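Single-structure report; data block below.
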Amino acid sequence: MIDQNLDTVDLSVDEVYGGSRNGNSFDDPLPKLLDVDNGAGFRHLGQRPEVKTLKLLVLKTSFSDTNWPDALDGENGTFVYYGDKRVPGDLHQTPRQGNLILRNLFDEAHQHQQSSAFPPILLFGNAGTYRDVRFIGLAVLGATGMGADDDLVAVWRTTDDGVRFQNYKATLTVLDVPVVSRAWVKDIQAGDAISSPHAPKAWLDWVGGRKFTPLKSVAVNSVRSKQRQIPDTPELAAYVNLVYELYKDDPHTFERCAMELARLFMPAIRHWEITRPWRDGGRDALGTYRIGHGAGAIDVDFAMEAKCYGMNNGVGIKPLSRLISRLRHRQFGILVTTSYLDTQAYQELVQDAHPVVVISSGDIAAKLKERFGSLDNVRIWLQKI
């Protein structure tokens, strides 16, 4: 929507809002849309960084920074957002005070189950044309099942010259609010977000009692294409290529690496063992996955198949069928590959609802980048396996 009347429109989830076409920073539609400044990710109304003096917080992401991979999980309605500390130094000393704002917001949310004054948080992402933005949704801090030790964490990164520093990784919930009305935006700008008759119930439920009502969206087509399974940038491809080059001549040794990769995605994996290469029966490893906590938890058995293939050499039906045929009742499978599962195999997997988790090259690359940062750190981790 390229609209000269941006200051009058409602905000609809996944709607694109466009500015001018002059090729400079003044093309940014957010100042006119919400009366915030143009610039980096953190925009605000009110006095920063205190919670009580903030009227509105706008978080904008490019979705293109592989060092800081902001990500929307549409299926669960959660959003991971990284702070604005990108160089060594004090975690909270940033030009826009973004990390200080995040800390104050999460402190307020953790210390008080009700908030008399809490700024609405609006999420936007680059739309890919000029400086147009896509409205991701109305967000609140944290997520169902996450505590104070999990929803805002300081993660370590290393610069190219080996200097370590920290930045925040924040988890937010996108609320089931399809439209943020212009009437509420005007009340927010006037400092009446909570008392406004236009405030969405889902947002008031969180402000008044920390109740989460996430916007969950199930994918129409759960068969991932090759392009959705492999890294989408050369920088990310370097991470999975590092793994492939190390193990391509020794696929049996890769099985141990594959299990460690699976554990990065599924930390609740408990006991596991690599099967003997001449007696694997279609399963490179066996293990148990813990569901629940404490005395009430149960362990579910799984079998894993590992394929160290070149990124453009897809895993076909035969290896997948081999794994599926060995799954016993109440057992699930994990397929870990440095390539991708080809279309026909993926279609059969989905259509027949086989309980198999697919971890492809793109998944591996993104997880290694998120978990370890630099390629050097990944090399160190691989050497310890």
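Which of (1) free of Cβ contacts under 8 Å to residues at least 60 places away in the same chain; (2) open to solvent by 80 Å² or more (accessible area, probe 1.4 Å); (3) closer than 30 Å to residue 364 by Cβ is the odd one out, the single condition residue 246 does not satisfy?
In the conditions (1) free of Cβ contacts under 8 Å to residues at least 60 places away in the same chain; (2) open to solvent by 80 Å² or more (accessible area, probe 1.4 Å); (3) closer than 30 Å to residue 364 by Cβ, residue 246 misses (1) alone.
Looking at region 119-131, which of the residues that are more than 22 Å from the chain's Cα centre (by Cα) and either on the phi < 0 side of the Ramachandran plot or open to solvent by less than 10 Å² (accessible area, probe 1.4 Å) (or both) is modelled with the lowest pLDDT?
For region 119-131, the residue satisfying everything is 129.
Please report, ordered by residue number, the strands (runs of 3 or more DSSP E) entirely within region 1-118 with at least 1 residues that are closer than 29 Å to residue 235 by Cα and open to solvent by 60 Å² or more (accessible area, probe 1.4 Å).
Fully inside region 1-118 and qualifying: 71-73.
Just to be sure before I move on: is residue 309 under 21 Å from residue 384 (Cα atoms) and either surrounded by fewer than 19 Cβ atoms within 10 Å (Cβ to Cβ) or modelled with pLDDT of 95 or more (or both) in the structure I sent?
no
From the residues in region 157-177 that are under 19 Å from residue 65 (Cβ atoms) and in contact with a Gly (Cβ under 6 Å, 6 or more places away or on another chain), which one is surrounded by the most Cβ atoms within 10 Å (Cβ to Cβ)?
Among those that are under 19 Å from residue 65 (Cβ atoms) and in contact with a Gly (Cβ under 6 Å, 6 or more places away or on another chain), it is 168.
Only one of these is part of a loop (DSSP other than H, G, I, E, B) and either open to solvent by less than 20 Å² (accessible area, probe 1.4 Å) or touching a Phe, Trp or Tyr at 6+ places or on another chain (Cβ under 9 Å) (or both): 154, 143. Name it.
Going through 154, 143 in turn, just one is part of a loop (DSSP other than H, G, I, E, B) and either open to solvent by less than 20 Å² (accessible area, probe 1.4 Å) or touching a Phe, Trp or Tyr at 6+ places or on another chain (Cβ under 9 Å) (or both): 143.
Quick one: in region 196-205, of everything that is closer than 20 Å to residue 141 by Cα and touching an Asp or Glu at 6+ places or on another chain (Cβ under 8 Å), which residue is surrounded by the most Cβ atoms within 10 Å (Cβ to Cβ)?
199
Name, by its number, the condition in (1) part of a helix (DSSP H, G or I); (2) within 30 Å of residue 147 (Cβ to Cβ) that does not hold for residue 174.
(1)
Anything in region 8-28 that is under 22 Å from residue 190 (Cβ atoms) and in contact with an Asp or Glu (Cβ under 7 Å, 6 or more places away or on another chain)? List them, or say none.
Scanning region 8-28 gives 9, 17.
For residue 74, work out the one condition from (1) closer than 21 Å to residue 367 by Cβ; (2) of a type outside the set (Ser, Thr, Tyr); (3) touching a helix residue (DSSP H, G or I) at 6+ places or on another chain (Cβ under 9 Å); (4) touching a residue at least 60 places away in the same chain (Cβ under 8 Å) it doesn't fulfil.
Just one mismatch for residue 74, condition (3).
Is one or more of the residues making up region 204-216 assigned to a helix (DSSP H, G or I), over 24 Å from residue 45 (Cβ atoms) and in contact with a Gly (Cβ under 7 Å, 6 or more places away or on another chain)?
For region 204-216, residues assigned to a helix (DSSP H, G or I), over 24 Å from residue 45 (Cβ atoms) and in contact with a Gly (Cβ under 7 Å, 6 or more places away or on another chain): absent.
Select from region 326-385 the residues that are without any contact (Cβ under 8 Å) to a residue 24 or more places away in the chain and either open to solvent by 50 Å² or more (accessible area, probe 1.4 Å) or more than 26 Å from residue 70 (Cβ to Cβ) (or both) and list them in ascending order.
329, 351, 352, 353, 380, 383, 384
The values are calculated or read from the model by the stated rules, or taken from the named source; none is laboratory data. Quick caveat, the model's predicted, so the values are computed rather than measured. FYI the Cβ positions are ideal-geometry reconstructions off the backbone, even for glycines, and counts take in every protein chain you see. Areas reflect the complete protein model, heavy atoms only, side chains present, ligands, DNA and RNA absent. Shrake-Rupley method; radii C 1.70, N 1.55, O 1.52, S 1.80 Å.
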